[in-house]
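Quick note: the coordinates plus some simple rules give every number you see, no bench work behind them. Here the structure is a predicted model, which is why all the values come from computation and not from measurement. Backbone-built Cβ (ideal geometry, glycine too); neighbour counts: all protein chains shown.
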Amino acid sequence: MTSPSSRARLSAARCPSSTTPAPVYELDITVAGTNVELVIPAADSSEWMWRHGVYDVELVDLIGHPTRLIQGSVTVSPEVTR
């Protein structure tokens, strides 16, 4: 038997005048009981040149149907403390 899985995506907002697709990042999440942990390493996020985007977190059941747990917008603030 296979256990349910989880997935998270973060996508940069695309400029309406751009023909370039917005980057999409698959993120690692851990589900333990009722806790969902999403970790984005600084080494990854420090390379992001975009500032606004959207995200969602989904659980996928045993037959492949996703259930969205949460979604929303995200603002990336450049690191100012070094």
task: Determine the sum of side-chain charges near Asp61: Lys and Arg each +1, Asp and Glu each -1, restricted to other residues whose C-beta is under 13 angstrom from that of Asp61.
output: +1
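For the residues Glu58, Glu47, what sequence is obtained by ranking on other C-beta atoms within 10 Å, fewest first?
Working: Glu58 17, Glu47 7.
Listing Glu58, Glu47 from fewest to most nearby Cβ atoms yields Glu47, Glu58.
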statement: The long-range amide H neighbours of Asp56, using H built 1.01 Å from N in the peptide plane and a cut-off of under 5 Å, are Arg9
